[in-house]
C-alpha cells in the first residue's frame, strides 16, 4: 500500500527538477479527477516511481523516498501534474516555472 497525503503546492524548485523526467500516464481521467503515472528516476536509471493523484478526496502519492519522508509533492508528482495540465488544457511547462 502506498503512502498518501493531501496534495501540497509544488514549489518552483521541484517543478524545475521535473522538466527532464519521462512520464508514462497509466490513467488519465480529468472528469473523474484521477491521474496515475509511472515516472522515471533522475538519479537511478531503470528505477520507476508510481505516482497518483485524486481530486475527490484530494490525495496524492508517490513511491519515492522523498515523498514517503516528507509527505509533500515531489518532482515526480510535479512531472505528472505538468503533463496532465498540458493534455487537459494546453498548458506549457513554461507556465509552471
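Tabulated data for the structure shown
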{"quantity": "Condition met for residue 77 (modelled with pLDDT under 90 and either over 14 Å from residue 26 (Cα atoms) or buried (at least 19 other Cβ atoms within 10 Å of the Cβ) (or both))", "calculated": "no"}
{"quantity": "Pairs where the first residue, in segment 75-88, is in contact (Cβ under 8 Å) with a residue 60 or more places away in the chain and the second is buried (at least 23 other Cβ atoms within 10 Å of the Cβ) and assigned to a helix (DSSP H, G or I), C-beta under 8 Å, 6+ apart", "calculated": "77/67"}
{"quantity": "Selection within segment 42-71 - part of a loop (DSSP other than H, G, I, E, B) and touching a helix residue (DSSP H, G or I) at 6+ places or on another chain (Cβ under 8 Å)", "calculated": "42, 64"}
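The values are calculated or read from the model by the stated rules, or taken from the named source; none is laboratory data. It should be emphasised that the depicted structure is a prediction, and the values quoted were computed from it without experimental measurement. All Cβ positions, even for glycine, are placed from backbone atoms using ideal geometry, and neighbour counts span all protein chains on display.
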